[in-house]
Amino acid sequence: MTMVEGGTRTSLLRRLLDAAGYRLEDRPAGLKAVRNRDRRVVLVVAGAPSPAEVELEFPPDSLHRTIIYTEDPGPAARSVASERGLEVLDAQTLGPALGEILLPSPVALVRDTEDTEEGDGPLEAPPSFVPTQTRIVRPRLSEDDARTVARVDEGRYVLRLVPYFVAPYRVRTPTPHGRPGTIADHLVAVNALSGRVDIWEVGERELVESIELPSERLDPMLSESEALARADAALRRHHTVSVDHTEQHAGALIIERRKVPPGAADLAVGTPVILHVPFWYAESSGGRVVVDAVSGGPVAELDEAR
């Protein structure tokens, strides 16, 4: 990667990290980005310093620690990082990891103090979260940004708005021995073309009535009932927990591990609405690359029918 490419990528990363809720700080080691809600810290460094040299930049309580190099750090640096529990990314490996870095892991939404309360009655679905007119997710990446990520210089770039069925849902996580679990709210998003199911967090995507960039709006290929069926199956898998049940028989300790999904009364999905999510399609003689215009991550498979 040349210095110009490295500078361009760092500038793009700065904008994406800021939009994803990170607090940015310029440090001698490089650009430091901290997001308190999931205790994730990203350090973008110039050159190839050893991970041991920059490790002190990470707060002791950080859970996810990532170093992004603007050039290949080499196998020795990767080995040191692995020993210290640090994730190392460079220009070749950054793309696939961007989605995880920018969009936080599914966590409970804040809804007063009820998130930590327990109960055992049937759950009611949370209300809709989307105003009537705002049905488009605002893109964060321009066409130039998408070119930087996709690395397809010769080709046509088209911004397509992909339909998603998005619904709020409430879940009570199973606990050992049948005790009532913690109740939390999330969003489920079903790609209406491919059927892929994702879990979103309220507030991470800005909803707008329209966008200024020229775009193509795609129509759903799944029905609402099909999307809800896929969502229900995926959510029950996602919120299934492993429970160890321990018993003692004739002096022997027997541990039985079993998987417990949410019960019929432990999951309630609200009414879905269709939102259109922007993706950049880079189309050239060498094929097609799809880039998420919100997270900046490349998409391996989206809607092969189109």
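Just so it is clear, none of the values below were taken in a lab; they were calculated from the coordinates. The structure displayed is predicted, hence computed values, not measured ones. Glycine also receives a Cβ, built like all others from the backbone with ideal geometry; neighbour counts cover every protein chain displayed.
In nm, what is the difference between 0.36 nm times the number of residues separating Asp144 and Val241 and their Cα-Cα distance?
Result for the pair: 30.6 nm of gain on full extension.
Determine, from the Cβ-Cβ distance of Ser225 and Glu100 and an R0 of 25 Å, the FRET efficiency 1/(1 + (r/R0)^6), rounded to the nearest 0.05.
E between Ser225 and Glu100, to the nearest 0.05, is 0.20.
What is the distance, in nm, between label points placed 7 Å from the Cα along the Cα-to-Cβ direction at Asp153 and at Ser128?
Taking the simple label geometry, Asp153 and Ser128 are separated by 4.8 nm.
So for the pair Arg39, Ala91, with labels modelled 7 Å out along Cα→Cβ, what separation do we get in nm?
Calculated label separation equals 3.5 nm.
Run through all the Cα pairs of region 3-102 and give the fraction in each 10 Å bin from 0, expressed as whole percent.
15, 55, 28, 1
Give me the one-decimal nm value for the distance between modelled label points at Lys259 and Thr182, 7 Å along each residue's Cα-to-Cβ direction.
Modelled inter-label distance: 2.2 nm.
According to the Kirkwood expression over distinct Cα-Cα pairs, how big is the hydrodynamic radius of region 121-299, in Å?
Final number for the Kirkwood radius of region 121-299 is 18.6 Å.
Give me the number: length gained by fully extending Thr271 to Arg15, i.e. 0.36 nm times residue separation minus the C-alpha to C-alpha distance, one decimal in nm.
Details: separation 256, 0.36 × 256 = 92.16 nm, distance 3.35 nm.
Between Thr271 and Arg15, full extension yields 88.8 nm more.
Between Thr173 and Asp61, take the C-beta separation as r, use R0 = 30 Å, and let me know the FRET efficiency to the nearest 0.05.
0.80
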